[in-house]
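The values are calculated or read from the model by the stated rules, or taken from the named source; none is laboratory data. Fair warning: this is a prediction, and the values are worked out from it, not measured in the lab. No Cβ is skipped: glycine too gets one built from the backbone with ideal geometry, and neighbour counts run over all protein chains shown. With ligands, DNA and RNA removed, areas are computed over all heavy atoms of the protein, side chains included. Shrake-Rupley method; radii C 1.70, N 1.55, O 1.52, S 1.80 Å.
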Amino acid sequence: MNDAPAICYGHAVRDLWPLDPAINYLNHGGYGVTPREVLTEQTRWRDRIERNPTGFMVEVYPGAIRAAAAALASFIGADADGVVFAGNATEACNAVLRSLDFAPGNEILTTDVAYGAITKAIRYAASRCGAALAAATIPLPLATADDALAAIAAKLSARTRLVVIDHIVSLTGCRLPVERIATLAHAAGARVLVDGAHAPGQIALDMATIGADWYVGNCHKWLFAPRACGFLWGAPDARDIHPPVISHGYGSGMVKEFDWTGTRDPSAFLSVPAAIAFHRRIGGTGLMARNAALALEAASMLAARWGTDLAGPRDMFAAMVAVALPERFKDAVRLRNALAQAHGIETVVQAHGDRLWLRVAAQAYNELGDYEGLAAAVDMVSLD
Ligand SMILES: Cc1ncc(COP(=O)(O)O)c(C=O)c1O
């Protein structure tokens, strides 16, 4: 018999986060929302630092940052020596891209649904060496994971040095088959960087199973860490990576280089063990399953109401699902602003091709009524 008390979700637990109750918050994926108790832990670290900054940085910080990295490593199925913190996923992707040498004629392959900032970082890294960016076109809506794989396979060639692939696509919420993409890329002689900005805490992770050379993620989105908390994991033979900012650790290996990139506030990184503990207490794998089921139910309700499609097959989503908006909507910014300003609803509206896509996210504090409110508000938006 299981005596564990059932975990409550929905508005009954919303006060665990400092969210404004007047806002219907459907964009957990955007920037994360930090639970109050993790913010309290961050304040504890800050207070501890301020009591004796020198003593802290010299004597406490080196061990504390490694302890936080070890906790994160165990959460993502990695060894602690392969895990370093970075301010965010963008910074960690830049570290990898700018540590690799490319040559004229080389290609870095990504997709047309990759996160825009990362596509720009790829373009920058490629252009500095005369290399080129190549982008596979992922069909939208996506019918099967095989179609994504085939699109990437069609663009892989002897020129491809690196494949940069999203684990969970920001635009659609679809999980891409990164394990199979890594195998395919390696067989073609390319290395693999997985951009898992949205993955930690939204889906279960195991670095060994994914088989990438590098994996980048955020702890401040779905893992509940304070904002500005990203990480990089490198496979054992792929740790010759430098942070975008070179400091004292240069030449002493990835861990030392990333653990100190100049003086900064490390409290977000040091709060990761508390964030993991919160994630586990509020359900862990059960929370992930509950959020995925709610996001799918919500998106299916919206798609049925609007007579439109989900961005992919039901089994490829986790806690974020994009739905095509009715064709009467043409301007993503205008619709997003109308929902936020006139209805207090925070969600994500993006244009891709000739359609607008609305992405809903589900977190512990959401419940089905939140999305019913969104549906009613979309009906009310006037385009005049
Ligand atoms: C796939 C992907 N990569 C990178 C990022 C950038 O994350 P950050 O702004 O935390 O660096 C995002 C942000 O949502 C994303 O969705």
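Can you classify the stretch 129-288 as rounded, prolate or oblate using the Cα gyration tensor, where a ≥ b ≥ c are the square roots of its eigenvalues, rounded means a/c under 1.5, and otherwise it's prolate if a/b beats b/c and oblate if not? The shape class here is oblate. Listed by chain and number, the lysines whose alpha-carbon sits under 22 Å from that of Lys221, ignoring those within fewer than 8 places in the same chain, are Lys120. Taking a Cβ cut-off of under 13 Å around Pro141, the surrounding Lys, Arg, Asp and Glu residues balance to a net charge of 0, with basic ones at +1 and acidic ones at -1. Amide H to amide H, with H built 1.01 Å from N, Ala86 comes under 5 Å of Gly230, Phe231, Leu232, counting only residues 5 or more places away or on other chains. For the chain, the ratio of Cα radius of gyration to the globular rule of thumb 2.2 N^0.38 Å stands at 1.00. Divided by 2.2 N^0.38 Å, where N counts the residues, the Cα radius of gyration of the stretch 105-202 comes to 1.00. Once backbone amide H atoms are built at 1.01 Å from N, Asp331 has no partners under 5 Å, excluding neighbours fewer than 5 places away on the same chain. Cross-link partners of Lys155 among aspartates and glutamates, defined as those whose alpha carbon lies under 18 angstrom from its own and excluding same-chain residues fewer than eight positions apart: Glu107, Asp112, Asp146, Asp147, Asp166, Glu179. Ordering of 258-271, 169-182 by packing is 169-182, 258-271, highest average first (other Cβ atoms within 10 Å, averaged per residue).
Under a Cβ-Cβ cut-off of 11 Å, what is the net charge of the residues other than Ala299 that fall near it, where Lys and Arg count +1 and Asp and Glu count -1? For residues surrounding Ala299, the net value is +1. Here the Kirkwood formula puts the hydrodynamic radius of the stretch 1-151 at 20.3 Å, using every distinct Cα pair.
Put simply, when 23-32, 299-308 are sorted by average Cβ atoms within 10 angstrom per residue, most first, you get 23-32, 299-308. In the context of the full set of protein chains, residues of the stretch 244-352 present 43 Å² of accessible surface per residue (probe radius 1.4 Å, heavy atoms only). In terms of packing, defined here as the mean over residues of other Cβ atoms within 10 angstrom, the peptides 40-51, 183-194, 215-226 line up highest first as 215-226, 183-194, 40-51. Bridge orientation summary for the chain: considering DSSP beta bridges with both residues in this region, about 50 percent are antiparallel.
Other residues with beta-carbon under 12 Å from the beta-carbon of Phe56 carry, at +1 per Lys or Arg and -1 per Asp or Glu, a net charge of -1. Our summary gives the chain a relative contact order of 22 percent, counting only alpha carbon pairs under 8 angstrom and 6 or more residues apart.
Along its principal axes, the stretch 49-131 has C-alpha extents of 52, 29, 22 angstrom, given from the largest down.
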